[in-house]
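Heads up, the thing below is written out as structure tokens.
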Amino acid sequence: MPWKLTPLLLFLGWMTSVCSARTRTDLLNVCMDAKHHKAEPGPEDKLHNQCTPWKKNACCSARVSQELHKDTSSLYNFTWDHCGKMEPACQRHFIQDNCLYECSPNLGPWIQEVNQKWRKERFLNVPLCKEDCQSWWEDCRTSYTCKSNWHRGWDWTSGSNKCPTGTICRTFEAYFPTPAALCEGLWSHSYKLSNYSRGSGRCIQMWFDPALGNPNEEVARFYALALTAEAWPQSIRPLLLCLALMLSLWLHD
């Protein structure tokens, strides 16, 4: 009987090695295919101000990081001040949001292909830590805007984004009554409000201390492995069926 199990054990060993090799490494340490992203992440010692947490490994250049801190950036000709001057406490969250978008190499599990002139990929439903979303909403609730979705629908006739005809400038809280409404609706569900807290290893942090390392690396690994686990069952079903048949023949021979 033991000799009959040898092929089975070899097969199981092969399956284990293949499963290990199939971890979604293609989702780790990657840059999106978008307008200003680098082809591959790497060190950028001169990243500016709020983008510095990514200087050890970034998808953005120093020039891009500098532009992200301007009221109206030449990168997209987008202005925060479409309804008057945005409050500095609010603006810092939008700068950090842009730094994460342009610089982070840890968003691979959420990258999706898109058919847009200015980019071929975007991220979708990134689980943003609840504290980051809450503080973003709290600091912006008294600033003003005229739209609940900033991805589309602007008047670009002047060369930069203006409020469309018929819209009214109201407080953020009027357009985004909850933190989830802001974080999820602002950029067409780029983010999803997570129930997890900062440091849990289960949500992406917009803010982190680079001296303590990048916590989003662990988060990306966790979700990449989760995607691997989801992808395997259908692909190995024929192999498992074959294995069951072989085992039945060996045991009854």
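Tell me yes or no: at least one residue of the range 178-198 is more than 14 Å from the chain's Cα centre (by Cα) and within 18 Å of P109 (Cβ to Cβ). I'd like the intermediate steps shown before the answer.
Here is the first cut: in the range 178-198, the ones more than 14 Å from the chain's Cα centre (by Cα) are 178-182, 185-186, 195-198.
Add one more test, that the residue is within 18 Å of P109 (Cβ to Cβ), and what stays is 195-196.
Looking for residues that are more than 14 Å from the chain's Cα centre (by Cα) and within 18 Å of P109 (Cβ to Cβ), one finds at least one in the range 178-198, hence yes.
Starting from the range 222-233, keep only residues that are open to solvent by 60 Å² or more (accessible area, probe 1.4 Å), then list their pairs with residues that are of a type outside the set (A, V, I, L, M) and modelled with pLDDT of 65 or more whose Cβ atoms are within a distance under 7 Å, requiring at least 6 positions of separation or different chains.
Qualifying pairs under 7 Å: F222/G201; F222/R202.
Please determine, by comparing only the residues of the range 37-53 that are in contact with a Ser or Thr (Cβ under 7 Å, 6 or more places away or on another chain) and within 23 Å of H93 (Cβ to Cβ), which one is surrounded by the fewest Cβ atoms within 10 Å (Cβ to Cβ).
Only one residue tops the list, namely H48.
Could you check, for the range 135-156, whether at least one of its residues is in contact with a Leu (Cβ under 6 Å, 6 or more places away or on another chain), buried (at least 20 other Cβ atoms within 10 Å of the Cβ) and either assigned to a loop (DSSP other than H, G, I, E, B) or not polar (S, T, N, Q) (or both)?
Yes, the range 135-156 contains at least one residue that is in contact with a Leu (Cβ under 6 Å, 6 or more places away or on another chain), buried (at least 20 other Cβ atoms within 10 Å of the Cβ) and either assigned to a loop (DSSP other than H, G, I, E, B) or not polar (S, T, N, Q) (or both).
What is the one condition in (1) touching a residue at least 60 places away in the same chain (Cβ under 8 Å); (2) among the basic types (K, R); (3) within 21 Å of W136 (Cα to Cα) that K70 does not satisfy?
Of the numbered conditions (1) touching a residue at least 60 places away in the same chain (Cβ under 8 Å); (2) among the basic types (K, R); (3) within 21 Å of W136 (Cα to Cα), the odd one out for K70 is (1).
When the range 118-134 is examined, which residues are found to be among the basic types (K, R) and in contact with a Leu (Cβ under 8 Å, 6 or more places away or on another chain)?
Selection gives K130 alone.
I'd like to know if the range 211-219 contains one or more residues that are among the charged types (D, E, K, R), farther than 23 Å from W118 by Cβ, surrounded by fewer than 16 Cβ atoms within 10 Å (Cβ to Cβ) and without any contact (Cβ under 8 Å) to a residue 40 or more places away in the chain.
yes
So which residues in the range 157-179 are outside any loop (DSSP other than H, G, I, E, B), hydrophobic (A, V, I, L, M, F, W, C) and open to solvent by 30 Å² or more (accessible area, probe 1.4 Å)?
Scanning the range 157-179 gives a single hit, A174.
Could you list, in sequence order, the residues of the range 212-226 that are farther than 22 Å from C183 by Cβ and either in contact with a Lys or Arg (Cβ under 6 Å, 6 or more places away or on another chain) or at pLDDT 90 or above (or both)?
Residues of the range 212-226 farther than 22 Å from C183 by Cβ: 212-213, 221, 224-225.
Within the range 212-226, L212, G213, R221, A224 qualify.
Which members of the range 23-61 meet the condition of being farther than 21 Å from S73 by Cα, free of Cβ contacts under 8 Å to residues at least 24 places away in the same chain and not acidic (D, E)?
Within the range 23-61, A39, G42, P43 qualify.
State yes or no: is R202 open to solvent by 50 Å² or more (accessible area, probe 1.4 Å), out of contact with any helix residue (DSSP H, G or I) (no Cβ under 8 Å at 6 or more places or on another chain), of a type outside the set (A, V, I, L, M) and closer than 15 Å to L107 by Cα?
When the stated conditions are applied, R202 does not pass them.
Kindly indicate whether T165 is polar (S, T, N, Q) and without any contact (Cβ under 8 Å) to a residue 40 or more places away in the chain. Reasoning before the result, please.
Details: polar (S, T, N, Q): yes; without any contact (Cβ under 8 Å) to a residue 40 or more places away in the chain: yes.
In short, yes.
Could you check the range 69-103 and list, in sequence order, the residues that are under 16 Å from A58 (Cβ atoms) and part of a helix (DSSP H, G or I)?
If the condition is that a residue be under 16 Å from A58 (Cβ atoms) and part of a helix (DSSP H, G or I), then I95, Q96, D97, N98, C99, L100, Y101, E102, C103 are the ones that fit.
The values are calculated or read from the model by the stated rules, or taken from the named source; none is laboratory data. This is a predicted model, so every value here is computed, not measured. Because the Cβ atoms are built from the backbone with ideal geometry, glycine has one as well, and the counts that use them run over all protein chains shown. Side chains are part of the model used for accessible areas, which takes the heavy atoms of the whole protein and leaves out ligands, DNA and RNA. Shrake-Rupley method; radii C 1.70, N 1.55, O 1.52, S 1.80 Å.
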